[in-house]
Amino acid sequence: MSTKTGPQRYPGASRANWYQDDFGGDPMQVDVVVLHTTEGPTLPGYGGGSSAPNLTAVPDLAAKKLKWYQHFDVETSSRALVNLSGGVETNTQNVCQVELVGTCDPKTHKKWTTAGKAHIYWPDAPDWALQGVAAFLGWMHEEHGVPLVGAKSWPAYPTSYENGGGQRMTAAQWKAFKGVCGHMHVPENVHGDPGAIDFARIIKYAKADLDLDDDTPEATTPPAKPTVPAFPGRKYFVTGATNAHVLKLGKQLVKRGFGDHYKVGPSKSWGEADRLNVRDFQKSRPELRGDADGNPGPLTWRLLFT
């Protein structure tokens, strides 16, 4: 079983619909992102989490941005793919799954448009929506080494349903795949989402954000691991302590997606918000779940900075 290696929370993502505590999941070193479309106009309930992905991107049409909801850690298996008994692994095949709220079905798009129901039709998504997806993929590349490459064929729905476009991978291809694909590419599954999403443009935006050459092979190379600063000692992390180490820890918690308890941001003074954020990080790591007391020690420090 693989060990988690990168930040588990996408910065800014809400955990208002968090399902990992109820459904668990297997830890993985993610090297694949699977894109879905919800085929609905709002954040799904996912059966209380029983069929949820790792994250959902909900378009805020008025603000022209995606609002992200995180349901499972990035490197914990989620539940949005069919996994047949005795077949190839899907949900647990080192995959982070993302649902994009909206539709890839032209008939649904027409019906919603006629009814005046605001939505995103992902094959013709606006630039701001594609850039929002690109930003996430860029983060996955930087933090988890997911290659900014993908499946070659992205046929339109409904041709993409089952394997009408010939796009679905074989078991061997799926096991060897690293990069970004759609639900329609995963073996054992019949769904055809996200259809003819403009994958080339998404990757172009992701590489531009990272200042990468659009054709560079470095895009498939995992980033180097950062140097871990030495743990300064527990005496710096007690109530009322004010020092630069507290601020450094707080900034790293925010970077890793564990800043929910800060009201305005981290500071140099150790307080309850710091302790609660450290506790949340500790609870996310199997190595620390038995010692999730919010007090940073050498192991918490090392895992937080790697």
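Please name all residue pairs, on different chains or six or more residues apart, with Cβ atoms under 7 Å, provided the first residue is in the range 236-260 and is polar (S, T, N, Q) and the second residue is part of a helix (DSSP H, G or I). What qualifies is 243/236; 252/304.
Results for (1) at pLDDT 90 or above; (2) among the charged types (D, E, K, R); (3) outside any loop (DSSP other than H, G, I, E, B); (4) within 27 Å of the chain's Cα centre (by Cα), shown as yes or no for each residue.
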position	(1), (2), (3), (4)
222	no, no, no, yes
229	no, no, no, yes
248	yes, yes, yes, yes
253	yes, no, yes, yes
258	yes, no, no, yes
262	yes, no, no, yes
274	yes, yes, yes, yes
299	no, no, yes, yes
306	no, no, no, yes
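Among the residues of the range 39-55, those identified as assigned to a loop (DSSP other than H, G, I, E, B) and crowded, with 22+ Cβ neighbours inside 10 Å are 52, 53, 54.
Residue-level check: of (1) surrounded by 14 or more Cβ atoms within 10 Å (Cβ to Cβ); (2) modelled with pLDDT under 90; (3) assigned by TED's automatic domain parsing to the domain that holds residue 176, residue 196 misses just (2). Within the range 256-306, the set of residues being of a type in the set (S, T, N, Q) and in contact with an Asp or Glu (Cβ under 9 Å, 6 or more places away or on another chain) comprises 267, 277, 282, 284, 300.
Which residue out of 58, 82, 30 is under 19 Å from residue 147 (Cα atoms) and not basic (Lys, Arg)?
Values: 58 fails: under 19 Å from residue 147 (Cα atoms); 82 fails: under 19 Å from residue 147 (Cα atoms).
From the options 58, 82, 30, the qualifying one is 30.
Which one of 58, 74 is among the β-branched types (Val, Ile, Thr) and not in a strand (DSSP E or B)? Matching residue, one of 58, 74: 74. Has the range 278-286 got at least one residue that is in a loop (DSSP other than H, G, I, E, B), farther than 19 Å from residue 14 by Cβ and under 24 Å from the mean Cα position of the chain (by Cα)? Scanning the range 278-286 turns up at least one residue that is in a loop (DSSP other than H, G, I, E, B), farther than 19 Å from residue 14 by Cβ and under 24 Å from the mean Cα position of the chain (by Cα).
In the range 276-296, what residues are among the charged types (D, E, K, R) and surrounded by fewer than 17 Cβ atoms within 10 Å (Cβ to Cβ)?
Just the residues of the range 276-296 that are among the charged types (D, E, K, R), to begin with: 279-280, 283, 285, 287, 289, 291, 293.
Once the filter is applied, which keeps residues that are among the charged types (D, E, K, R) and surrounded by fewer than 17 Cβ atoms within 10 Å (Cβ to Cβ), the range 276-296 yields 283, 287, 289, 291, 293.
The values are calculated or read from the model by the stated rules, or taken from the named source; none is laboratory data. Not measured: the values here are computed from a predicted model. A quick note on method: Cβ atoms are made from the backbone with ideal geometry, for glycine too, and the neighbour counts reach across all protein chains shown.
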